[in-house]
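Trainee: Below are the structure tokens for one structure; questions will follow.
The values are calculated or read from the model by the stated rules, or taken from the named source; none is laboratory data. Treat the numbers as computed from the prediction; the structure is a model and nothing was measured. FYI the Cβ positions are ideal-geometry reconstructions off the backbone, even for glycines, and counts take in every protein chain you see. Each accessible area value is taken on the protein alone, full model and side chains, heavy atoms only, with ligands, DNA and RNA left out. Shrake-Rupley method; radii C 1.70, N 1.55, O 1.52, S 1.80 Å.
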Amino acid sequence: MAKKDRYAVFGNPIKHSKSPRIHKMFVEQTNQQMEYTAKEVPAEKFFTAVTDFFDHGGKGLNCTLPLKELAFDFADEKTERAEICKAVNTLAVKANGKILGDNTDGCGLITDLKNNRVDIKNARVLLLGAGGASRGILAPILEQSPRHLILANRTRKKADDLAEEFHLYGFVDGSGFAELKGKKFDLIINATSASLYDEMPPVESGILAENGVCYDLAYGNRPTAFVRWGAEQNARLSLDGLGMLVEQAAEAFYIWRKIRPDTKVVIDSLHAARRFSLDE
Ligand code: NDP
């Protein structure tokens with residue numbers, strides 16, 4: 001039997017990661033000779049673990065919380081999109097042996113929004129949160145030419161600093177949460193980690209425009225607090241980040257194997273496994 005190429009996801013915590021399951025489905029679809037495992041790697045052990053992985057023949061890695069900035073530092077070369085957001089979620093061995101760092105999060109979000117027929121062009125967009133995830137998706141959102149993008153964060157200075165850093169890529173303004181009152185948005189994206197604690201960022205009701213869409217980057221086996229809030233605000237769609245997770249994984253899979261898996265069947269299968277509905 002042919003030897004399987006080795007891939008993995010490193011993060012901390014990692015045991016609830018859906019990535020091994022997603023990649024297993026991609027492998028089954030595409031008949032690749034590869035395996036994909038998950039390993040808990042704390043930040044202080046990252047450089048040793050990643051060096052060991054590649055020294056022992058590993059072909060590619062995904063890096064998740066809290067390792068994306070460290071993966072950026074580790075990579076010998078970076079793609080333009082990784083350079084822009086200064087974070088790497090995908091490492092790949094190049095033909096010359098160098099390690100390439102890329103970031104597929106932004107592309108994953110935009111693809112999932114398009115799959116759900118959410119058009120950013122000319123939309124009034126609100127992005128909540130100014131952490132690593134916002135950093136990864138800001139430029140890809142701005143590339144879609146929204147009418148404007150407001151970046152709101154609990155710690156206002158982080159929103160202002162990030163908006164300043166990305167204003168080269170389009171119209172983006174920093175904000176606190178209180179200043180959002182009275183404004184209207186066609187698309188509200190939650191990139192805070194509040195959902196991980198089943199909390200809602202402190203935004204007022206009434207800021208979602210008619211037919212507006214809510215999108216939470218977080219996902220779980222139940223609707224997140226933000227997804228539930230979106231439904232209460234009569235959002236046309238109130239989605240969580242499961243589709244983005246699958247799409248960013250598919251982009252990483254393509255970087256490694258040069259073959260695109262069918263993401264729809266994987267997303268449908270993960271949705272069916274959760275079987276929740278907002279009416280429950
Ligand atoms: P970070 O820790 O880097 O940033 C967290 C952000 O959330 C900060 O802006 C912080 O504000 C804000 N925050 C935390 N708690 C609250 C709260 N109770 N109210 C308001 N704001 C709050 O996390 P990441 O950016 O890496 O991740 C954010 C989310 O995105 C996570 O849920 C993660 O799982 C998800 N994600 C999903 C992906 C997918 O593929 N679906 C990919 C990447 C991320 P402050 O600065 O004031 O502390």
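Trainee: Find the percent of Cα-Cα distances in segment 1-54 that exceed 15 Å, and round it to a whole number.
Mentor: Values: 741 of 1431 pairs.
That fraction is 52 percent.
Trainee: Ok, one more. Determine the gain in length on full extension of the stretch Arg154-Thr51; use 0.36 nm per residue of separation and subtract their C-alpha separation, reporting nm with one decimal. Please list the in-between numbers first.
Mentor: On the way: separation 103, 0.36 × 103 = 37.08 nm, distance 3.65 nm.
Stretched out fully, the Arg154 to Thr51 stretch lengthens by 33.4 nm.
Trainee: Given a Förster distance of 22 angstrom, what is the FRET efficiency for Ala231 paired with Phe177, based on the Cβ-Cβ distance and rounded to 0.05? Numbers along the way, then the final one.
Mentor: Values: r = 20 Å, r/R0 = 0.93.
That gives a FRET efficiency of 0.60.
Trainee: With 10 Å bins from zero, work out the P(r) of the chain over every alpha carbon pair and list the percent per bin.
Mentor: Cα pair-distance distribution for the chain, in percent: 7, 29, 35, 22, 6, 1, 0.
Trainee: So with the 1.4 Å probe, I'd like the accessible area per residue for segment 107-240, rounded to whole Å². If you can, show how the numbers build up before the last one.
Mentor: Details: 6310 Å² over 134 residues.
Solvent-accessible surface per residue comes out at 47 Å².
Trainee: If you don't mind, there's one more thing I want to ask. Between Glu143 and Arg21, what length comes free when the chain is fully extended (0.36 nm per residue of separation minus the Cα-Cα distance, one decimal in nm)?
Mentor: 40.8 nm
Trainee: Now for a different question. Any chance you could check the Cα centroid distance between segment 109-157 and segment 161-198 for me, in angstrom?
Mentor: Cα centres, segment 109-157 to segment 161-198: 8 Å.
Trainee: In Å and on Cα atoms, what radius of gyration and Dmax does segment 135-235 show?
Mentor: So, for segment 135-235, Rg and Dmax equal 13.3, 38 Å respectively.
Trainee: Now, a different point. Solvent-accessible area of His167, probe 1.4 Å, all protein chains present, reported in Å² to the nearest ten, please.
Mentor: 100
Trainee: Let me ask something else about it. Out of the total accessible area of segment 107-240 (probe 1.4 Å, heavy atoms of protein only), what percent is carbon and sulfur? Let's see the in-between values first.
Mentor: On the way: 2900 of 6310 Å².
The nonpolar share, carbon plus sulfur, comes to 46 percent.
Trainee: Residues with amide H under 5 Å of Gly60's amide H, sequence separation 5 or more or different chain, H placed in the peptide plane at 1.01 Å from N; which?
Mentor: Ala8
Trainee: Segment 125-188: D in µm²/s via Stokes-Einstein (Kirkwood Rh, Cα pairs, 10 °C, 1.306 mPa s)? Show your work: numbers first, answer last.
Mentor: On the way: Rh = 11.4 Å.
For the chosen part, D equals 139 µm²/s.
Trainee: Based on the alpha carbons, how large is the Rg to Rh ratio for segment 179-280 when Rh follows Kirkwood? Write out the running numbers ahead of the final one.
Mentor: Values: Rg = 15.2 Å, Rh = 14.8 Å.
Using Cα coordinates only, the ratio equals 1.03.
Trainee: Taking 7 Å along the Cα-to-C-beta vector as the label spot, tell me the Ala2-Glu199 distance in nanometres, rounded to one decimal.
Mentor: In this crude label model, Ala2 to Glu199 measures out at 4.9 nm.
Trainee: Where Rh denotes the Kirkwood radius from the mean inverse Cα pair distance, what is Rg over Rh for segment 32-74?
Mentor: Values: Rg = 10.6 Å, Rh = 11.1 Å.
When Rh is taken as the Kirkwood radius, the ratio is 0.95.
Trainee: Still on this structure: Cα-Cα over 22 Å: which of Lys24/Lys78; Lys18/Lys158; Lys94/Lys258; Lys78/Lys157; Lys68/Lys181?
Mentor: Beyond 22 Å between Cα atoms: Lys24/Lys78; Lys18/Lys158; Lys78/Lys157; Lys68/Lys181.
Trainee: Suppose each label sits 7 Å from its Cα in the direction of the beta carbon; what would the Asn96-Glu28 distance come out to in nanometres?
Mentor: It is 4.0 nm.
Trainee: Relative to the first principal axis of the alpha-carbon coordinates of the chain, what is the inclination of helix 105-115, with its axis defined by its Cα atoms, in degrees from 0 to 90 and to the nearest 10?
Mentor: That works out to roughly 60 degrees.
Trainee: Have a look at segment 55-183 and give its Rg and Dmax from the Cα atoms, expressed in angstrom.
Mentor: My reading of the Cα-based Rg and Dmax gives 16.1, 57 Å.
Trainee: Can you give me the angle between helix 19-30 and the longest principal axis of the chain, using Cα atoms only, in degrees from 0 to 90, rounded to the nearest 10?
Mentor: Approximately 70 degrees, to the nearest ten.
Trainee: Moving on. Quick check: the angle from helix 132-143's long axis to the longest principal axis of the chain, C-alpha only, nearest 10 degrees?
Mentor: That helix lies at roughly 70 degrees to the long axis.
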